[in-house]
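**Student:** Before I ask anything, let me first share the structure, which is written out below as C-alpha cells.
The values are calculated or read from the model by the stated rules, or taken from the named source; none is laboratory data. A quick note: this is a predicted structure, and the numbers were derived from the prediction, not measured. Counting neighbours? That spans all protein chains shown, and the Cβs are built from the backbone with ideal geometry, glycine included. To get the accessible areas, we keep the full protein, side chains included, count just its heavy atoms, and leave off ligands, DNA and RNA. Shrake-Rupley method; radii C 1.70, N 1.55, O 1.52, S 1.80 Å.
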Amino acid sequence: MDYIVFDLEWNQSNTGQEVKEIPFEIIEIGAVKLDEKFQIKSKFHRLIRPQIYQELHYITKSLIHIKMEELENKKFFPEIAEEFLNWCGEDYIFCTWGPIDLMELQKNMRFYGMHPLSDRPIKFYDVQKLFSIGFEDKKTRRALEHAVDALGIEKDIPFHRAFSDAYYTAKVLSRIEEPVFRNFSFDVFVTPKTKKEEIKAVFDNYMKYISREFHDKTEALSDREVMSIKCYLCRKNVKRKIGWFSINGKHYYGAGYCDIHGYIKAKIRMRKSENKKVYVVKTLKFISEEDFNVLEEKRTKIKP
C-alpha cells in the first residue's frame, strides 16, 4: 500500500459573492507518493486554471505568492483531478495535514460532476493529529512548520505551496512511530447511508461511532444505537449512571459503569451532512471516578 500525501491551495471570492456550492476553488495540487517504508516513489504537482473566481483573493496572493497570469494557460480542474487520481494508483491511503483538504477536493469534484471518491466515509491519516499524538499532548493542533522545526527536519524548500507542504507533511509522516498509526481518521463528506455502513472504530483509549443520516436531531436522538452506552471492550450494555444531558443543544453527555472496566463517558456531537440532514459522532471513553464526579456535577447544575 502507498501513502498519498497531498496538499491543496485554493482561491475564493474577493468580493464576498461566492458560489455556495464551491466557496474554495482549487488552483494547485501537490502530492508525494510514499511506499510502505516511507520512501518517495513519485511526485505530483499541477497548477489549475480557475473557472469561477477570476481574481486572486488578497490572502491567497500574499500567502502562496502566485499571480493569476501564471494560471491562465493551465488545464481546468476536472482534467487535473483526473490526472491526480490516476497518478494515485489503486492501493493507497490519503494523508493530509489536518482534515480539510480531502473535504475540499471532493467538494470541487462534485461541483464539476465528477464521480465521487467513495460511496461512504473515507479512512485517511490526519498527519497533524498523528504528530500531536506521537510527539505532544494529543490534543493541540500545530502548524506544519512547527512540526518540521520540532523534529529537526531540514527546510530546503519554501512553505505555503501545495507541493512543498505535501513534501514536508511526508517528512513528518515518516517520523511517526508504528503504534501511532492506529489513530486513523474518517472523512465524512459522504456519510453512511445505511445502518450496515455505520462506522464503529476502536482506538487505544476510546471508541468512535459515526451514524447513518437522520432527517433531524429528534429522529437521531430517538435511535437506540445512537443513545446506547456500551462497554466497547465487553461489547455489553453498561449500568447507566448519568442520563443524557446537553449544555448547548449540540453536544450531549452521558455515563455508565462496567463491572469489569469501570466508568465510561459517552459524548454525542450532532453534525450536518452535505445533504442537509444530520448524523451523529459518538465517542466512548473510560474515565476515572474523579472525572465521573465532575461530569455528574455538570449534569446537576443544569438539571431543572
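For (1) modelled with pLDDT of 95 or more; (2) farther than 18 Å from residue 284 by Cα, each residue gets a yes or a no:
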| residue | (1), (2) |
| --- | --- |
| 209 | yes, no |
| 215 | yes, yes |
| 219 | yes, yes |
| 222 | yes, yes |
| 234 | no, no |
| 248 | no, yes |
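**Student:** Within region 167-201, can you find the residues that are within 16 Å of residue 133 (Cα to Cα) and either touching a Gly at 6+ places or on another chain (Cβ under 7 Å) or not in a helix (DSSP H, G or I) (or both)?
**Tutor:** 174, 175, 176, 177, 180, 183, 184, 185
**Student:** Please list, ordered by residue number, the helices (runs of 4 or more DSSP H) wholly in region 50-142 having 3 or more residues that are among the hydroxyl-bearing types (Ser, Thr, Tyr) and farther than 21 Å from residue 173 by Cα.
**Tutor:** Per the criteria, 58-64.
Yes or no, residue by residue, for (1) in contact with a helix residue (DSSP H, G or I) (Cβ under 8 Å, 6 or more places away or on another chain); (2) more than 22 Å from residue 61 (Cα to Cα); (3) β-branched (Val, Ile, Thr):
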residue: 142; (1), (2), (3): yes, yes, no
residue: 146; (1), (2), (3): no, yes, no
residue: 152; (1), (2), (3): no, yes, no
residue: 161; (1), (2), (3): yes, no, no
residue: 165; (1), (2), (3): yes, no, no
residue: 179; (1), (2), (3): no, yes, no
residue: 183; (1), (2), (3): yes, yes, no
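**Student:** Anything in region 266-297 that is among the charged types (D, E, K, R), more than 18 Å from residue 210 (Cβ to Cβ) and touching a Lys or Arg at 6+ places or on another chain (Cβ under 9 Å)? List them, or say none.
**Tutor:** 291, 296
**Student:** Let me ask another. In region 203-221, what residues are touching a residue at least 60 places away in the same chain (Cβ under 8 Å) and open to solvent by less than 20 Å² (accessible area, probe 1.4 Å)?
**Tutor:** Matches in region 203-221: 209, 210, 211, 214, 220.
**Student:** Another question, if that's okay. Provide a single number: the residues in region 1-34 that are open to solvent by less than 10 Å² (accessible area, probe 1.4 Å) and in a loop (DSSP other than H, G, I, E, B).
**Tutor:** 1
**Student:** Only residues that are within 12 Å of residue 221 (Cβ to Cβ), surrounded by fewer than 18 Cβ atoms within 10 Å (Cβ to Cβ) and small (Gly, Ala, Ser): list them for region 240-285, please.
**Tutor:** Within region 240-285, 246, 249 meet the criteria.
**Student:** Follow-up. Could you run through region 85-125 and say how many residues are open to solvent by less than 60 Å² (accessible area, probe 1.4 Å) and at pLDDT below 95?
**Tutor:** Qualifying residue count, region 85-125: 0.
**Student:** Now a separate question. Between a residue in region 18-42 that is within 19 Å of residue 94 (Cβ to Cβ) and free of Cβ contacts under 8 Å to residues at least 40 places away in the same chain and any residue that is in a strand (DSSP E or B) and open to solvent by 10 Å² or more (accessible area, probe 1.4 Å), which pairs come within a Cβ distance under 9 Å, given they are 6 or more apart or on different chains?
**Tutor:** 35/2; 35/3; 35/41; 36/2; 36/3; 41/2; 41/33
**Student:** While we're here: Quick one: which residue in 26, 4, 100 is out of contact with any strand residue (DSSP E or B) (no Cβ under 8 Å at 6 or more places or on another chain), at negative phi and β-branched (Val, Ile, Thr)?
**Tutor:** Of 26, 4, 100, the one residue that is out of contact with any strand residue (DSSP E or B) (no Cβ under 8 Å at 6 or more places or on another chain), at negative phi and β-branched (Val, Ile, Thr) is 100.
**Student:** Test residue 199 against the stated conditions and say whether it is surrounded by 15 or more Cβ atoms within 10 Å (Cβ to Cβ), of a type in the set (A, V, I, L, M) and within 25 Å of residue 179 (Cα to Cα).
**Tutor:** It is true that residue 199 is surrounded by 15 or more Cβ atoms within 10 Å (Cβ to Cβ), of a type in the set (A, V, I, L, M) and within 25 Å of residue 179 (Cα to Cα).
**Student:** Next question. Hey, any hits in region 152-166 for a residue that's assigned to a loop (DSSP other than H, G, I, E, B) and of a type in the set (Ser, Thr, Tyr)?
**Tutor:** No, because not a single residue in region 152-166 is assigned to a loop (DSSP other than H, G, I, E, B) and of a type in the set (Ser, Thr, Tyr).
**Student:** For region 221-304, which strands (runs of 3 or more DSSP E) that fit wholly inside it have 3 or more residues that are farther than 15 Å from residue 206 by Cα and over 28 Å from the mean Cα position of the chain (by Cα)?
**Tutor:** Counting at least 3 such residues, we get 239-246.
**Student:** Sort out which residues of region 28-54 are over 18 Å from residue 167 (Cβ atoms) and in contact with a Ser or Thr (Cβ under 8 Å, 6 or more places away or on another chain), and write them in order of number.
**Tutor:** Once the filter is applied, which keeps residues that are over 18 Å from residue 167 (Cβ atoms) and in contact with a Ser or Thr (Cβ under 8 Å, 6 or more places away or on another chain), region 28-54 yields only 53.
**Student:** Which of the residues belonging to region 43-58 are surrounded by fewer than 19 Cβ atoms within 10 Å (Cβ to Cβ) and in contact (Cβ under 8 Å) with a residue 40 or more places away in the chain?
**Tutor:** 43, 45, 55, 57, 58
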